[in-house]
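Everything on this sheet refers to the single structure shown next.
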Amino acid sequence: MNRRTALKNCFIVTAGVALIPACMQEKSKSSLLLKNIKISSEQEQLMADLTDTIIPPTDTPGAKDVGAHLFALMMIDECYNPDEQKKFMSGLKAFQNLTKKKFDKSFSQLTLQQRSELLTELEAKKDEKDNEVVAFYKVAKGMTLQAFTGSQYYLTKVRVYEMVPGSFHGCVPVKAAKA
């Protein structure tokens, strides 16, 4: 056997072995690696569309554009205790079921008007603490608002963040500072 042919075949086999795991990935997996909660790509898309309905894009970016859905999922995964995570995930599934029951479509397939109508109904049921869909929506909305108002866009373009309010002079002689 020729050395070049052997090296070429070895390279082809190695490249194939390296690419197989990438091709065998599940398409239903989320793009976000989470440790404690399991979320599908459909649920991630639902969260993206929900955050985008809460703060839609206008002449400014919407919540989806600043990654509010990813922030919310990471916060649930890393900062909430296991019971709260279970409640959130069961609320997410109940929200999916409610949407399919009411409109025969997933939340992502709804028109903007239908989405707004559904969220307005949930807003009206704020006082129902037993309803897991309302609890899920309340947490998702809170996380969306927190993510958007903490985003780089919001803090640099909408409400300009000042590191130190007023004037700051870092290099001042001690004698001048005492006076």
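FYI, it's all coordinate maths here, none of it is from the lab. Computed from a prediction, not measured in an experiment: that's the story for all the values here. Because the Cβ atoms are built from the backbone with ideal geometry, glycine has one as well, and the counts that use them run over all protein chains shown.
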Task: Candidate aspartates and glutamates - alpha carbon under 16 Å from Lys125, same-chain residues fewer than 8 apart omitted - done: Glu117
TODO: Report the local net charge at Phe71: Lys and Arg +1, Asp and Glu -1, summed over other residues whose C-beta lies under 12 Å from its C-beta.
DONE: -1
TODO: Among Val174, Val158, Val133, Val139, rank each residue by its count of other Cβ atoms within 10 Å, from fewest to most, as a rough exposure measure.
DONE: Val174, Val158, Val139, Val133
TODO: Write down the radius of gyration of region 38-160 and its Dmax, each obtained from C-alpha positions, in Å.
DONE: 14.1, 44
Open item on the list: As a footprinting exposure proxy, order Ser41, Ser167 by other Cβ within 10 Å, with the fewest listed first.
Closed with: Ser167, Ser41
Open item on the list: About the Cα centre, and with charges only on the beta carbon of Lys, Arg (+1) and Asp, Glu (-1), how big is the dipole of region 38-160? Nearest 20 debye, please.
Closed with: 80
Task: Theoretical gain in end-to-end length, Ala124 to Asn97 [0.36 nm per residue, Cα-Cα removed] - done: 7.8 nm
Task: Amide proton proximity set for Ile55, modelled H, under 5 Å, gap of 5+ - done: Ala63
Task: Around Pro57: net Lys/Arg minus Asp/Glu count, Cβ-Cβ under 13 Å - done: -3
Open item on the list: Quick check: pseudo-label points 7 Å beyond the Cα along Cα→Cβ at Arg3 and Ser106, how many nm apart are they?
Closed with: 5.5
Open item on the list: Starting from 0.36 nm per residue, how many nanometres of slack lie between Leu145 and His169 once their C-alpha separation is accounted for?
Closed with: 5.2 nm
Open item on the list: How many angstrom lie between the Cα centre of region 67-109 and the Cα centre of region 48-66?
Closed with: 17
Task: Fewest-first ranking of Cys171, Cys79, using other Cβ atoms within 10 Å as the exposure measure - done: Cys171, Cys79
